[in-house]
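Visitor: One structure follows; several queries about it will come next.
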Amino acid sequence: ETDEQKLHKIANELLLTERAYVSRLDLLDQVFYCKLLEEANRGSFPAEMVNKIFSNISSINAFHSKFLLPELEKRMQEWETTPRIGDILQKLAPFLKMYGEYVKGFDHAMELVKNMTERIPQFKSVVEDIQKQRICGNLTLQHHMLEPVQRIPRYEMLLKDYLRKLPPDSPDWNDAKKSLEIISTAASHSNSAIRKMENLKKLLEIYEMLGEEEDIVNPSNELIKEGQILKLAARNTSAQERYLFLFNNMLLYCVPRFSLVGSKFTVRTRVGIDGMKIVETHNEEYPHTFQVSGKERTLELQASSEQDKEEWIKALQETIDAFHQRHETFRNAIAKDNDIHLEVSTAELGKRAPRWIRDNEVTMCMKCKEPFNALTRRRHHCRACGHVVCWKCSDYKAQLEYDGGKLSKVCKDCYQIISGFTDSEEKKRKGILEIESAEVSGNSVVCSFLQYMEKSKPWQKAWCVIPKQDPLVLYMYGAPQDVRAQATIPLLGYVVDDMPRSADLPHSFKLTQSKSVHSFAADSEELKQKWLKIILLAVTGETPDGPSKQPDALDEHPESKRQSEC
């Protein structure tokens with residue numbers, strides 16, 4: 001083939017793949033998106049969720065079907081007189097920036113599809129009906145949603161190949177080079193999303209291998225290496241077959257277990273990377289050995305060969321070094337910030353507004369040092385010192401003078417300073433769930449039986465209380481005399497939806513915050529309104545004033561009046 005023929009072949013491949021891509025965009029936009037919106041408009045699930053899943057897919061579809069594909073079709077018809085594509089892509093490449101919005105929300109969209117498929121039968125039914133159609137090619141919605149993410153790297157690859165075959169003095173050289181620069185920037189974002197998707201997919205596979213018992217499916221976890229290994233027993237130096245999964249923050253030491261389908265393992269030990277040391281050992285009887293020493297356990301392991309041993313030692317040591325580097329960056333950020341941050345002295349805590357440390361300045365909780373992630377360990381700010389902490393380390397509230405004495409979320413250290421509790425006194429205090437129902441019910445703003453449902457679990461009856469001493473928290477008990485709460489909901493920041501869930505539950509309402517959804521149903525509209533009156537204050541951080549003598553008696557069971565009235 002001549003270079004001219006190769007260039008024509010690349011341009012033609014671009015056209016053919018663009019036609020196929022536009023048909024997939026049309027499937028996402030005009031079939032999946034439209035059908036799910038139709039079902040949402042019937043009230044089966046929120047239309048907002050569908051919009052979040054498909055992002056700006058309609059704009060992407062319009063761009064490719066109405067602009068890029070027709071331009072390529074026309075150019076290929078004129079190839080004899082105008083053998084170039086760089087000018088088209090250079091002119092249209094800036095529009096590819098719209099992919100940034102789609103790629104940015106891709107992880108969240110995947111999570112929404114998974115959750116809605118598991119929890120909403122109508123959503124699952126529509127998706128499965130479409131997936132059965134011939135146009136889907138036996139592929140899932142998630143697979144088709146990945147195509148826009150994969151398309152940009154495909155443009156980059158074709159353009160690089162095109163430039164390699166293009167003579168430097170070609171009239172198309174400058175346009176093609178400029179196009180590649182713009183498309184390469186967009187491709188880097190797409191490649192990052194693809195890597196995240198592949199990493200999560202691999203984590204799910206390992207999760208299933210481990211019997212769905214280890215909590216490893218977390219965007220902050222990254223698989224570094226896995227493989228078979230032998231473990232030397234301490235007493236008789238016999239070698240036992242084991243399997244290792246090395247992540248960026250831990251090593252899972254596993255034992256193979258019998259399975260008819262695929263590999264299955266049981267985790268014997270989870271060894272943290274923090275404090276881990278690797279030592280090369282020498283054993284005349286058993287070659288290729290090395291030792292992994294961690295806070296939780298020390299393991300003497302035997303690789304299958306010297307090369308395998310070196311690869312494991314290299315992977316482990318690099319993971320340890322990267323872990324320490326992240327922590328060093330974290331410590332430096334704290335040290336650098338302390339010069340500014342210490343202007344709010346211990347004596348001024350709660351009396352003076354702090355400087356909030358920016359979210360992007362830290363990657364882990366500034367108290368417990370656990371890494372943040374978007375799903376299970378999100379960032380929160382202590383309103384007293386401004387540190388970025390996780391939900392566990394910010395599960396305290398204190399009155400802050402600078403904010404008019406409002407109860408605000410603070411970290412444990414600030415809580416102890418502001419409230420005057422010492423560590424020993426704190427340990428003596430009851431846990432938040434240990435407070436007896438009778439204790440809070442007798443001094444509450446509002447309490448009654450309500451039907452309760454979390455996520456897709458069945459409805460259940462619960463004794464619900466908002467106590468005067470903690471008026472921004474809803475306590476749920478199994479019965480009015482229980483000595484321990486089953487759960488608590490800090491109401492601050494929740495969104496209240498008072499629309500009934502169904503005709504069967506006309507007096508229901510819903511509380512949502514991020515991915516937390518709590519549904520309640522009262523036995524009467526009057527009872528529902530009494531609850532909403534209190535909750536609507538609490539979610540904005542306002543402290544509701546209970547009646548001076550007795551709070552509202554909200555139970556409608558006269559036979560248990562003494563127990564259930566508040």
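The values are calculated or read from the model by the stated rules, or taken from the named source; none is laboratory data. Just so it is clear, the model here is predicted, and its values are computed rather than measured. Virtual Cβ from ideal backbone geometry, glycine too; neighbours counted across all protein chains shown. With ligands, DNA and RNA removed, areas are computed over all heavy atoms of the protein, side chains included. Shrake-Rupley method; radii C 1.70, N 1.55, O 1.52, S 1.80 Å.
Visitor: About the Cα centre of the chain, how large is the charge dipole given +1 on each Lys and Arg Cβ and -1 on each Asp and Glu Cβ? Please answer in debye to the nearest 20. Spell out each step's value before the answer.
Guide: Details: 79 positive and 84 negative charges, 105 e Å.
In debye, rounded to 20, the chain gives about 500.
Visitor: If I take R0 = 60 Å and measure r between the Cβ atoms of L536 and N174 in this structure, what FRET efficiency does the formula 1/(1 + (r/R0)^6) give, to the nearest 0.05?
Guide: On the way: r = 62 Å, r/R0 = 1.03.
After rounding to 0.05, the efficiency reads 0.45.
Visitor: If the viscosity is 0.692 mPa s and the temperature 37 °C, what Stokes-Einstein diffusion coefficient in µm²/s follows for the stretch 71-187 when Rh is the Kirkwood radius over Cα pairs? Write down the numbers at each step before the final one.
Guide: Values: Rh = 16.8 Å.
My calculation gives 195 µm²/s for D.
Visitor: Treating only the Cβ atoms of Lys and Arg (+1) and Asp and Glu (-1) as charged, compute the dipole magnitude of the stretch 19-101 about its Cα centre; round to the nearest 20 debye.
Guide: 100
Visitor: Then there's this: Mind checking the dipole of the stretch 452-530: about its Cα centre, +1 per Lys or Arg Cβ, -1 per Asp or Glu Cβ, Debye to the nearest 20?
Guide: Numbers: 10 positive and 9 negative charges, 54 e Å.
In total the dipole reaches around 260 debye.
Visitor: Could you run the Karplus curve 6.51 cos²θ - 1.76 cosθ + 1.60 with θ = phi - 60° over the stretch 106-117 and give me ³J(HN,Hα) per residue in whole Hz, x for Gly and Pro?
Guide: 5, 4, 5, 5, 4, 5, 5, 4, 4, 5, 5, 5
Visitor: For the pair T140 and R42, how long in nm is the line joining their label points, each one 7 Å along Cα→Cβ?
Guide: 2.4
Visitor: How are the C-alpha pair distances of the chain spread across 20 Å bins, as whole percents from the shortest bin up?
Guide: Histogram of Cα-Cα distances, whole percents per bin: 15, 37, 37, 10, 1.
Visitor: Okay, next question. Grab the Cα-Cα distance for S524 and D3, subtract it from 0.36 nm times how many residues apart they are, and report the gain in nm with one decimal.
Guide: Values: separation 521, 0.36 × 521 = 187.56 nm, distance 7.94 nm.
This chain segment gains 179.6 nm when fully extended.
Visitor: Moving on. Can you give me the % of accessible surface on the chain that is carbon or sulfur? Probe 1.4 Å, all protein chains present, nothing else counted. Walk me through the intermediate numbers first.
Guide: Details: 14720 of 30210 Å².
After summing per-atom areas, the C and S share lands at 49 percent.
Visitor: Between E73 and S23, what is 0.36 nm times their sequence separation minus the Cα-Cα distance? Round to one decimal in nm.
Guide: Numbers: separation 50, 0.36 × 50 = 18.00 nm, distance 1.49 nm.
Extra length available between E73 and S23 comes to 16.5 nm.
Visitor: Now, a different point. List the residues whose amide H sits under 5 Å from the amide H of L491, counting only those 5 or more places along or on another chain, with H placed 1.01 Å from N in the peptide plane.
Guide: V473, L474
Visitor: Which number comes out as Rg/Rh for the stretch 223-335 once both Rg and the Kirkwood Rh are worked out on C-alpha atoms? Intermediate results must be reported in sequence, preceding the final value.
Guide: Values: Rg = 15.2 Å, Rh = 14.9 Å.
Taking Rg over the Kirkwood Rh, I get 1.02.
Visitor: Can you tell which of N191, T117, L7 lies farthest toward the positive end of the dipole of the chain, using +1 and -1 charges on the Cβ of basic and acidic side chains (Lys, Arg; Asp, Glu)?
Guide: Of N191, T117, L7, it is T117.
Visitor: Which cross-chain or sequence-distant (5 or more) residues have an amide H under 5 Å from the amide H of K406, H modelled 1.01 Å from N in plane?
Guide: Amide H neighbours of K406: L400.
Visitor: Next up: Which net charge results for the neighbourhood of L166, defined as the other residues with beta-carbon distances under 11 angstrom from its beta-carbon, given Lys and Arg at +1 and Asp and Glu at -1?
Guide: Working: positive: K6, R84, K160, R164, K165, K177; negative: D3, E4, D161, D169, D172, D175.
Within the 11 Å Cβ shell, the charges total 0.
Visitor: Mind listing the long-range amide H neighbours of M250? Cut-off is under 5 Å, sequence gap 5 or more, other chains count too, H placed in the peptide plane at 1.01 Å from N.
Guide: Placed amide hydrogens put I273 under 5 Å from M250.
Visitor: Evaluate E = 1/(1 + (r/R0)^6) for K104 and E284, where r is the Cβ-Cβ distance and R0 equals 41 Å; express this FRET efficiency to the nearest 0.05.
Guide: 0.15
Visitor: Over all directions, how big on average is the projection of the convex hull of the alpha-carbon atoms in the stretch 437-540, in square nanometres?
Guide: In nm², the orientation-averaged hull projection of the stretch 437-540 is 6.1.
Visitor: Also: In the chain, with Lys and Arg counted as +1 and Asp and Glu as -1 at Cβ, which of these residues, I229, T289, C411, has the Cα nearest the positive end of the dipole, that is, farthest along it?
Guide: It is C411.
Visitor: While we're here: Just how far, in whole angstrom, is the stretch 345-410 from the stretch 462-501 if you go by their alpha carbon centroids?
Guide: What the calculation gives is 24 Å, centre to centre.
Visitor: Put a dot 7 Å past each Cα toward the Cβ at L15 and V495; how far apart are the dots in nm?
Guide: 4.7
Visitor: Also, quick follow-up: If you find the alpha carbon centre of the stretch 53-73 and of the stretch 132-171, how far apart are they in angstrom?
Guide: Cα centroid to Cα centroid, the span is 14 Å.
Visitor: For D215 and E80 in the same chain, what is the full-extension length gain: residue separation times 0.36 nm, less their Cα-Cα distance, in nm? Each step should come with its number before you reach the end.
Guide: Details: separation 135, 0.36 × 135 = 48.60 nm, distance 5.98 nm.
My answer for the length gained is 42.6 nm.
Visitor: Find the percent of Cα-Cα distances in the stretch 346-424 that exceed 15 Å, and round it to a whole number.
Guide: Details: 1616 of 3081 pairs.
Roughly 52 percent, rounded to a whole number.
Visitor: Report the FRET efficiency, 1/(1 + (r/R0)^6), for A479 and L505, where r is their Cβ-Cβ distance and R0 is 22 Å, rounded to 0.05.
Guide: E(calc), rounded to 0.05, equals 0.50.
Visitor: Quickly work out the Q122-to-W391 label distance, labels modelled 7 Å from Cα along the C-beta direction, and quote it in nm with one decimal.
Guide: Inter-label distance under the simple model: 2.8 nm.
Visitor: Next up: Do you know the relative contact order of the chain, to the nearest whole percent, from alpha carbon pairs under 8 angstrom that are 6+ apart?
Guide: On the way: 868 pairs, mean separation 38.4, N = 566.
Answer for the chain is 7 percent.
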